[in-house]
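Input: a single structure, listed below in structure tokens.
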Amino acid sequence: MSNAVQRLAEFRETLYKTFFYRADATMDLIDAMASNSSAASPVELSLSSLFPRQYSSLHDAVDNFFVPSNPVKAQEERQEHQRIRMRILAEQLPESTGRNFHLFGLDTTGQPRPFAKVVADRGIHYHPNPAPGNKPIIAGHSYSVLAALPEKTQRSSPPWVLPLLIQRVPTDKKAIEIGVAQVADVLKDEKLPFGRELCALVVDSSYGVCEFVGRTVEHKNLITIARVRGNRTFYRIVEQGDVANGKGHPTWYGTSFDMKDSTTWGEADAIETVSFTLGNGRVCQVQIKAWYNLLMRGKRGISMYTHPFTLIRITVEDIDGKLVFNRPLWLIVIGNRRREVSLSDAYQAYRQRYDLEHFFRFGKQKLLMSSYQTPDVEHEQNWWEIVGLAYAQLYVSAPLAQDLPRPWERYLPEFKKPKQEKLSSPSMVQRDLPRIIRQIGTPALLPKPRGKSPGRIKGYSPGKRERLALIIKGTNRAQKYLRAS
């Protein structure tokens with residue numbers, strides 16, 4: 001326990017030193033956010049007992065979280081600040097005992113801003129919509145999150161992640177491009193061990209395309225495990241340099257592997273069956289079939305014929321032989337060291353990708369991740385990074401947290417287990433964090449009131465903000481703009 005206390009105190013002190021402006025208010029904001037149990041809007045966080053300041057200090061902390069010294073190089077300076085904090089967060093990862101690789105997850109999530117007509121660079125992004133017949137889209141921004149996925153010691157381990165990099169996806173770029181850059185930032189950082197040791201990256205089907213895997217495969221120690229749609233066609237490998245009659249272009253792709261047509265599959269190169277227990281205790285049999293050395297077609301500037309991968313088909317059956325899921329799960333495992341990860345480890349690694357979805361839900365519901373309403377895009381980026389740090393503090397505090405179930409929750413199975421057998425969930429840590437912070441203290445200094453501000457100059461009027469266009473990407477290369485009314 002003393003080691004956990006020292007670890008948390010050192011983490012908070014190191015993190016505090018990375019805030020160059022409004023450090024005290026920023027640290028208090030992170031504490032108030034991480035311990036939030038009642039605030040429904042960001043400004044209500046100023047009422048927290050861990051935020052001994054006025055509500056204006058909250059916005060001041062967000063505005064000054066990142067202040068570039070040179071506006072021309074603002075993006076480069078922000079990335080450097082992100083790398084500094086990324087190294088601090090990476091130090092909190094425990095050493096793996098059951099797997100021989102570091103696991104990362106990459107995904108995007110939306111920041112809805114449908115009515116913010118003065119906010120720049122708004123586009124159309126994916127957003128879940130339960131209404132039947134409506135498209136799952138919304139106007140706003142999108143953020144790409146690269147997180148480390150700690151190893152789970154048991155089946156009931158909480159879905160913890162450690163968000164290393166959070167970056168907004170501008171409308172003139174794709175989420176794939178931002179993701180490729182984030183992966184490179186983590187693996188090419190010489191102060192981190194990830195570039196020298198085996199790493200695995202799990203991504204959803206939107207990343208299982210040549211534009212993404214064709215660039216991540218350049219990292220020699222990285223294995224990418226990507227889900228692929230069940231209607232794609234891949235190709236078997238052929239001997240390089242084969243030319244029909246000694247003339248023409250070399251043959252790069254062999255016979256097709258049509259995922260919709262089982263007659264083109266042939267015999268699987270490997271089959272593995274493992275027993276698996278669902279979250280509800282249901283015991284199932286997982287059958288994993290693999291085909292080695294398949295290829296996907298590339299594009300101009302992205303040659304994929306030199307990057308073979310392993311295609312995996314996964315089906316889950318109950319003890320009676322009935323399918324638990326109607327559709328099989330298709331994964332590709334690509335990378336120079338892909339054979340060092342077993343089929344069952346690849347499947348379990350991809351299943352852990354869903355912990356990112358839990359992080360997005362918890363961040364938006366409990367940490368107010370998408371609730372900060374500001375007309376400044378840079379301040380919105382600041383808020384998302386602060387939320388990531390607040391979540392990371394919860395992760396570091398988890399060994400010290402006590403479960404505080406509500407009266408109607410104390411009979412649930414997860415609260416009947418001894419504390420030493422499991423790590424507390426993010427919600428439980430959030431409930432107990434005020435006690436932890438009060439006991440270990442905070443590096444932030446108390447506020448010093450300086451009297452009343454003189455306010456604006458008499459007669460000054462900032463004027464109305466310009467109404468900006470909503471950017472809609474069309475099917476052709478030219479972008480269409482929907483003019484704001």
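The values are calculated or read from the model by the stated rules, or taken from the named source; none is laboratory data. All values derive from a computational prediction rather than experimental measurement. Every residue, glycine among them, receives a Cβ derived from its backbone with ideal geometry; neighbour counts consider all protein chains shown.
Keeping to region 166-201, report how many residues are closer than 19 Å to LEU389 by Cα, part of a strand (DSSP E or B) and not basic (Lys, Arg).
Residues meeting the conditions: 2.
Please state which one of PHE115, PHE51 is in the same structural domain as ASP355 (by TED's automatic domain parsing), in a loop (DSSP other than H, G, I, E, B) and of a type in the set (Phe, Trp, Tyr).
None of the other options fit; the residue is PHE115.
Looking only at region 63-107, count every residue that is β-branched (Val, Ile, Thr) and under 22 Å from LEU146 (Cα atoms) and tell me the total.
The number of residues fulfilling the criteria is 2.
Pull out all pairs, ordered by first then second residue, where Cβ-Cβ is under 8 Å, the residues are six or more apart or on different chains, the first lies in region 60-81 and is closer than 16 Å to TYR16 by Cα, and the second is among the charged types (D, E, K, R) and in a helix (DSSP H, G or I).
Once the first residue is closer than 16 Å to TYR16 by Cα and sits in region 60-81, its partners that are among the charged types (D, E, K, R) and in a helix (DSSP H, G or I) give ALA61/ASP28; PHE65/GLU385; PHE66/GLU77; PHE66/ARG78; PHE66/GLU378; PHE66/GLU385.
When you check ILE271 against the structure, is it assigned by TED's automatic domain parsing to the domain that holds VAL238, surrounded by 13 or more Cβ atoms within 10 Å (Cβ to Cβ) and closer than 19 Å to PRO328 by Cα, yes or no?
No; evaluated as a whole, the condition is false for this residue.
Cβ-Cβ under 9 Å, sequence separation 6+ or interchain: first residue in region 114-129 and in contact (Cβ under 8 Å) with a residue 24 or more places away in the chain and under 17 Å from VAL169 (Cα atoms), partner of a type in the set (Lys, Arg) and surrounded by 15 or more Cβ atoms within 10 Å (Cβ to Cβ). Which pairs?
Listed pairs, sorted by first residue: PRO114/ARG122; VAL119/ARG113; ASP121/ARG168; ARG122/ARG113.
Could you go through region 191-199 and let me know if any residue there is in contact (Cβ under 8 Å) with a residue 12 or more places away in the chain, under 20 Å from ILE225 (Cα atoms) and within 14 Å of the chain's Cα centre (by Cα).
Scanning region 191-199 turns up no residue that is in contact (Cβ under 8 Å) with a residue 12 or more places away in the chain, under 20 Å from ILE225 (Cα atoms) and within 14 Å of the chain's Cα centre (by Cα).
Within the group PRO128, PRO150, PRO163, which residue is under 21 Å from LEU394 (Cβ atoms), within 20 Å of the chain's Cα centre (by Cα) and assigned to a loop (DSSP other than H, G, I, E, B)?
On inspection, the qualifying residue turns out to be PRO150.
Can we say GLN348 is outside any loop (DSSP other than H, G, I, E, B) and within 20 Å of the chain's Cα centre (by Cα)?
For GLN348, the condition - outside any loop (DSSP other than H, G, I, E, B) and within 20 Å of the chain's Cα centre (by Cα) - is met.
Could you tell me which of the residues GLY140, GLY105, GLY133, GLY110 is at positive phi, of a type outside the set (Lys, Arg) and crowded, with 18+ Cβ neighbours inside 10 Å?
GLY140
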